[in-house]
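Only one structure is covered here, and it is reproduced in the block below.
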Amino acid sequence: MADSEVLLRRVPSRSSWQRVRKARPHLLLSRRGRRRFGILTRGELRRLRRRLLRAHALGGDWKLGVPGVPHVAGKCQVRTRSRPTPRSRPTPRSPPTSRSQLRPRSQPEARNLAEYRFRTLSHVPPLTQTLSPKVSQPVRELGSGRVLLLLPLWEGFTFSGICRVTCIHGRVEIYGHVIKQGQPPQDVFSAYTHSFLTINGLQHSDPEKSEKKIKREIRALLKPHTKLDDRKWALKHFRPLDSILILERLRTPMVEFLRFYKCASYVFLQENPPSKIDSEYDTLKAIGIKRQRRKKGICLSESGLYALKELVSVSCVDGCPVILLCGACDIGKSTFNRILINHLLNSIPSVDYLECDLGQTEFTPPGCIALLTITEPLLGPPYTHPRRPQKMVYYGKMNCHSDYENYIEIVKYVLRDYKRESPLIINTMGWVTDDGLLLIVDLIRLLCPNYVVQLSSGRGKRMPGLTPEYVDFTDGLYTKSKIRRRYRGFEIPEYGDSLEFTDEEKDSSPVAVFTGHKLLSVHSEFLCSKNEKNRAKYNKIFRDLAVLGYLSQLRPPGPAPLGLLHSLIPYQVPFSAVAIRVTHADVAPTHILYAVNANWVGLCKIVDDMKGYTRGPILLAQNPICDCLGFGICRGIDMDQQLYHILTPLPPEELKTVNCLLVGAISIPQCIFKNQPGPEGTIPYITTNYNFKLPGASEKIGEREYKNALVGYRYYRRK
């Protein structure tokens, strides 16, 4: 009987190999899921201490804690057997105490790190913190094209479409820009042509208040915007540190203008509905947006986060650094620029921007070199935020392959207006091979940046690191290195051995002597569906969207219906008031008016006086370097009265100073021609019987090609 009692006591005991497995140095407690170590029962706490002591006896360093579980060896909170309430949330893991504790990450870990997306640098969670992949933010339809959204702390809401965001309580971040409680609403454009945007909930510093007082304040903030039932719903689902947002349907003149043209209406339309349509989909569809998976949003690598943090801190302390961005085509320079500008505008009132990329401009129609002062955040693609430049020159082409000298002279001419009162961000072309790389070396010596941000990725050709040593000992197109002083056959004589400014330019230029820079290498993880085969087609679409974004300023403000462009009244410009020049080709004087008619023209101001000319159009012998005030469309030419009919959003007081029309390689989007009815069903300037083998003839991208290209974007994101 006694023996049987002993056997009964030994049956539930653990075998020796299980005790050894539990006492291994790396302390794997079990293969099945365990509760968090911050909440343990008294029995679990005793067993945990016993295992740690056994591991210590076997030589394991148990003070380092269990991998993936912080502070196991510290004090643990004893809990009761009752389960926590469903609304309780685990606390985030503690951040590393120093940057040296961040070990090199493997490729899978780097992909997980990209899931954070970019956040406000001063309030960004630690880089080693992980977020739950499945988050659910409560949404509620308010009617009249409005939706109420509760966004928890450090969680993101990735969406497609366009909307107006108002922060009622808390603080959120979009595209690097922080929107606080009480600030005016912001228009957000998450178009299909670019990566989708994410609204991230940030930590907002509130004094220690009771939960009752916080809910009373939230009720008062929601009262002007919501009904009683909506306020009750918000207070029921509200959790501490949540941010409360109101998303509204966005209707602006620019949006209505783009939606009017079929070639541009696809950028704001929703994708096909999902297989399972729930109430949230219907609620968000009422305002024209749709929730997307987080991986479809914009992601920023760890090197990009550190580069942003350093540039923002330097701009806030030193004041006016000059930052130059370079990298290959479609690597994310423009996206990084927008994020950097938004971060800087969180701390300083304005940022200066020098556009040196002719093909994919940010604020102006393509083919321009411009200097701008940015004071408002950029929350969308380039065609959604056209800006008025401080100084602009119309180059007229998408690249400078055949005219480097004129390109550099224009950059010098535009740079003279930089007053060094704000940080300057310089955007360069994506041509980084052969002569393009040497041209970037010339620009670095000419512009003298304090920081060079070089973006790179695993795809495409590798670009050499533009360190100060590399720039010092490399010959450019028109500049020589410090050691090698050989003569090039295409060197410009007036430049000599350097691109130094003249005495007058030195007085007006912010810097004239190259003193070195600091290189910041950023690994790009931005999504891109372009390749060598479809790059030209996509770039054509983006240029047409930029032109349409500029022409959207023709629509008068207010709820008036949009009229066709041919129904608007143009300005009449006499032949004797303006001079004409075709910048990208040699045109015979007898055919110059054919080139100007129904074309995109730059409205410029040159030094020469046009008075005194009475007969025929005035032609310029060479391309001038002059200020460009705006752009327009030459709708027609009246040969009897010798008048140009110009359609432009430029105000009349500025049109009085225009005395030059420049015609470049930038064309009017085809959808503008097709959206104009003609007599007996014909369309002016449109024909199907044409020989494309003639010199100068080119086939334009039609409506079907636009749609197919955008469908390619959507397919790429679904993969």
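A few comments on the model shown:
- Qualifying residue in the stretch 579-588 (condition: more than 28 Å from Leu372 (Cα to Cα), modelled with pLDDT under 90 and over 41 Å from the mean Cα position of the chain (by Cα)): yes
- A count restricted to the stretch 286-310 and to residues that are surrounded by 15 or more Cβ atoms within 10 Å (Cβ to Cβ), more than 17 Å from the chain's Cα centre (by Cα) and outside any helix (DSSP H, G or I) stands at 7.
- Some residue of the stretch 322-336 being in the same structural domain as Tyr353 (by TED's automatic domain parsing), part of a helix (DSSP H, G or I) and free of Cβ contacts under 8 Å to residues at least 12 places away in the same chain: no
- Residues being over 16 Å from Arg164 (Cβ atoms) and among the acidic types (Asp, Glu) - total across the stretch 239-266: 1
- Test for Thr283: is it out of contact with any helix residue (DSSP H, G or I) (no Cβ under 6 Å at 6 or more places or on another chain), at pLDDT 85 or above and over 27 Å from Tyr550 (Cα atoms): yes
- Residues of the stretch 637-650 satisfying the condition of being part of a strand (DSSP E or B) and crowded, with 16+ Cβ neighbours inside 10 Å: Ile637, Leu643, Tyr644, His645, Ile646, Leu647
- Subset of the stretch 562-578 that is more than 34 Å from the chain's Cα centre (by Cα) and small (Gly, Ala, Ser) - its residue that is surrounded by the fewest Cβ atoms within 10 Å (Cβ to Cβ): Ser567
- Hey, Leu358 assigned to a loop (DSSP other than H, G, I, E, B) and either among the hydrophobic types (A, V, I, L, M, F, W, C) or without any contact (Cβ under 8 Å) to a residue 40 or more places away in the chain (or both) or not: yes
- The single residue among Leu378, Leu371 that is under 25 Å from the mean Cα position of the chain (by Cα) and in a strand (DSSP E or B) turns out to be Leu371.
- Filter result for Ile179 (outside any loop (DSSP other than H, G, I, E, B), free of Cβ contacts under 8 Å to residues at least 60 places away in the same chain and hydrophobic (A, V, I, L, M, F, W, C)): yes
Results for (1) closer than 30 Å to Leu520 by Cβ; (2) in a helix (DSSP H, G or I); (3) assigned by TED's automatic domain parsing to the domain that holds Ile426, shown as yes or no for each residue.
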position	(1), (2), (3)
Trp233	no, yes, no
Ile244	no, no, no
Val255	no, yes, no
Leu258	no, yes, no
Leu284	no, yes, no
Val312	yes, yes, yes
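- The set of residues in the stretch 446-464 being modelled with pLDDT under 90, more than 20 Å from His401 (Cβ to Cβ) and out of contact with any Lys or Arg (no Cβ under 9 Å at 6 or more places or on another chain) consists of Ser457, Gly458, Arg459, Arg462, Pro464.
- Output for the stretch 579-619, where each listed residue is of a type in the set (Gly, Ala, Ser) and surrounded by 15 or more Cβ atoms within 10 Å (Cβ to Cβ): Ala579, Ala595, Ala598, Gly602
- Of all residues in the stretch 446-469 being without any contact (Cβ under 8 Å) to a residue 24 or more places away in the chain and of a type outside the set (Lys, Arg), the one that is surrounded by the fewest Cβ atoms within 10 Å (Cβ to Cβ): Gly458
- Hey, Gly156 outside the structural domain of Leu379 (by TED's automatic domain parsing), of a type in the set (Gly, Ala, Ser) and either under 20 Å from Trp233 (Cβ atoms) or modelled with pLDDT of 90 or more (or both) or not: yes
- Looking only at the stretch 383-416, and only at residues there that are more than 19 Å from Trp431 (Cβ to Cβ) and surrounded by fewer than 19 Cβ atoms within 10 Å (Cβ to Cβ), the one that is nearest to the chain's Cα centre (by Cα): Arg387
- Residue match in the stretch 210-226 (condition: small (Gly, Ala, Ser) and assigned to a strand (DSSP E or B)): no
- Filter pass, Leu446 being touching a Pro at 6+ places or on another chain (Cβ under 9 Å) and either part of a helix (DSSP H, G or I) or of a type in the set (Asp, Glu) (or both): no
- Top-ranked residue of the stretch 417-439 - restricted to ones that are under 20 Å from Gly359 (Cβ atoms) and not hydrophobic (A, V, I, L, M, F, W, C), ranked as surrounded by the fewest Cβ atoms within 10 Å (Cβ to Cβ): Asp434
The values are calculated or read from the model by the stated rules, or taken from the named source; none is laboratory data. Because the structure is predicted, anything quoted here is derived from the model rather than measured. Positions of Cβ are backbone-derived with ideal geometry, glycine not excepted, and every protein chain shown enters the neighbour counts.
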